[in-house]
Structure formats: structure tokens, C-alpha cells
Amino acid sequence: GDDNSGRKVITFSCCRMPPSHQLNHTRLLEYLKYTLDQYVENDYTVVYFHYGLKSLNKPSLKWLQTAYKEFDRKYVSKVFGLLDRLCNVCNFHEGSVLTISFSFPRYKKNLKALYVVHPTNFIKILWNIFKPLISHKFGKKITYLNYLSDLRDHLKYDQLNIPQEVIRHDENLRRKQKGKLPPVVKIPPPRPPLPTQQFGVSLQYIKDKNKGELIPPVMKETVSYLKRKGLQVEGLFRRSASIQTIKDVQKLYNQGKSVNFDDYHDIHIPAVILKTFLRELPQPLLTFECYDHIVGITSVESSLRVTRCKQIIQGLPEHNYVVLKYLICFLHMVSQESLYNRMTASSLACVFGLNLIWPSKGTASLSALVPLNLFTELLIDFYTNIFNSRTVPGE
């Protein structure tokens, strides 16, 4: 799922860890690396459910050292001494957890928040002991949450796949809580969107409120600006921007006010605004109906995949087709400048894949990421071939 800032969320549930003697730790390590590599090029958030970690399923010191060495082959680290000391301490405390801030540039830099749910007192004590050895900047990213309901203030709670064991543990904690629970706050019904609303409303709504224009104003303005000033910017679409600034710009667009991106002196703001617009559509640009077809792209013979992409795209509603064509044309231009911006079609696909398509219920599974990104990469790489045969009135 996403947090409230649109960053991807990775969850880790200790209760799902089998006994150490039953677990293939080599495969676990490969899975962790694979999962992280799907997201670490962009900002991301980690939610750690501590309940269920016991001496029986706690990783061994030897495995932690192996994991460290595996990562260190690719990313430099400075805290092996801290790792060793923490592991030694953890070996003597059942139910303890090892939380370490590695200095891996990709993993650490783009991790923007770490939520530790149901922390034990030992975790907090351990953190305070080693706090002086860990950077203040990383320490500010960690938040302890005593109850699952606290997650709602930070991310889209309903998108999380929380184990039933964790839910029952949370309920038991609440029952044991002394005194009365705070009164339930009644949430007022959602307000109807403004006539000038751009974010969180359908393409049809925006079209009807903008004299039949097919391309939403926010998309037209961000793409136009980035074409003029951002095509050769290294890391375009990978870099983050000030969360408050993004909210301010969204508010201006929703109120129908003009936005001058030159005033912000940050080329990544219009890039983030474009991604945010796509992500907040009520239905993905590629539509829920196309999800299963897109996920099936990897089962198609390699030489026929472009043709299959074309078939899927031809089935889109006219409005979605026009907006998608406009966007992919621009992303194709960005990829053509990859010598300067380092954003190949593959890199752009990793960024935009889940902003263009997601399932109608829940979130895309780990196994779905590969076909979703592959489909997006093919659209960008073979833009001319895929979009050359359909003409839409008013395009």
C-alpha cells in the first residue's frame, strides 16, 4: 500500500517467521533483497510488526552476519561493530528484536519512515542504549506505535495485510488497558469535490469541469514544464520533494488557482505532482478491467508481447487511451535522454508501473510487480508501434 505521502509501504510480520530450524535462511535473504530492490530506488516506508518474535524463530547471529556480508558486497557499511554488539545482546533476551540502521546508501537514504508496532520495553531500552551510535537523522525516522489504530494517522491502514495473530494481540492489549478507551471520534461525511478539483476525482469529472478537455490541466502543465526544463535532469521522477510543498501545490490546483513551478526552484516538484495525480485517481489510468490481462504479459512469448500490449491498450475507454498516450509519449521522450537523466524505460517503469495500474481490491502482490513493470516498460520502449493505429476524436 501507500502511506499518507504516497510512498510505498513494506511490512514485516515477526509472527509469520517459522522456527529457525525449519527456515531456509538463504532463500529468506534472497527474498528480502528482492523485495527491497523493488522499492529502494524511490522513497519508501517500513512497518514492522514485532509481535510473535521469540527465541524459537529469532534469526541466529551467524545468519545476520551472512546477511550483512551479502548486502555489503553492493553497499558500503560502517556499523559492523554495532551489529556484532547488538546481536550478542539479543541472544540473551527472548522476544527481543534487532533493529539496525545500516549505512547502505540506497536502503537507508530512501527509507523515510520506520513504524515499530507493539514494541516491547526491551526494544525501547535497547534503542536508547545504542542511540548515540546511530545518526540523529535516521533516529527521527523511527516511530513506536502501541496500537494498530495509530497506523491510521500515517498510512492507508485498510491497504495493509495484517496477520490475524497481530490483530488478536492488539485486541488483547486494548482489553488489558486500564481505564476507559477514548471516545470514538465521528468522522464527518466527505465533502463533495470542488468544481475545480484535480486530485482524487475521475477523469470524466475533470473533463466535464474543463469544457471537454481530454488532458487534465495538472497533467498538461506538469508535462509541459518538465519537457522544457527537466528532460536531462538526473534522477527525474526518482527524487522526492517536500511533502508540505506538494500538499500546497495540490491545494492550489484543487482551488483552480494558477501554479508557477519556477517559484519553487525544484524541478522534482512537478514530477512528484504528476505521479501523485495518477496515484490518486479513483480508478487507475489502465483501469481495473485490464489488471489481469496486464499481469498475464509474462506468460506471452517474448516476440509477441508488444502485440499483446497493443491489444490490451486498444480495449481502453477512449478518454483513458488519450491520456495514457499523452503520458507515455512524454515518458518515451524522457527515456530518450537517459544518457543524461539516467532514466531508462526500465527505470521509468519501476516508478510509474504501480501508478498506472493496481488491483480493485487490496494491493498488487509481489509476484505481480514484474509483469506490471514489464508492461509499462514495453509501452515506453515501443510507444510508436503500440499507439500508432488508433485515432480518437478530439485527441
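Before moving on, here are some points about what is shown:
- Filter result for VAL370 (closer than 30 Å to ASP158 by Cα, in contact (Cβ under 8 Å) with a residue 60 or more places away in the chain and within 16 Å of the chain's Cα centre (by Cα)): yes
- Qualifying helices (runs of 4 or more DSSP H) (wholly inside the range 338-395; at least 2 residues being at pLDDT below 95 and open to solvent by less than 50 Å² (accessible area, probe 1.4 Å)): 345-356, 366-381
- Residue selected from the range 140-188 under the condition surrounded by fewer than 10 Cβ atoms within 10 Å (Cβ to Cβ) and under 23 Å from the mean Cα position of the chain (by Cα), by the criterion modelled with the highest pLDDT: LYS140
- Residue check: ASN146 meets all listed conditions (1) of a type outside the set (Phe, Trp, Tyr); (2) farther than 30 Å from SER346 by Cα; (3) outside the structural domain of VAL117 (by the TED database) but one, namely (3).
- Residue count for the range 231-267, restricted to those that are of a type in the set (Lys, Arg) and farther than 24 Å from THR45 by Cβ: 1.
The values are calculated or read from the model by the stated rules, or taken from the named source; none is laboratory data. Computed from a predicted model, the values in this text were never measured in an experiment. Reconstructed Cβ throughout: ideal geometry from the backbone, glycine too, with neighbour counts over all protein chains shown. These accessible areas exclude ligands, DNA and RNA; they are computed on the full protein's heavy atoms, side chains included. Shrake-Rupley method; radii C 1.70, N 1.55, O 1.52, S 1.80 Å.
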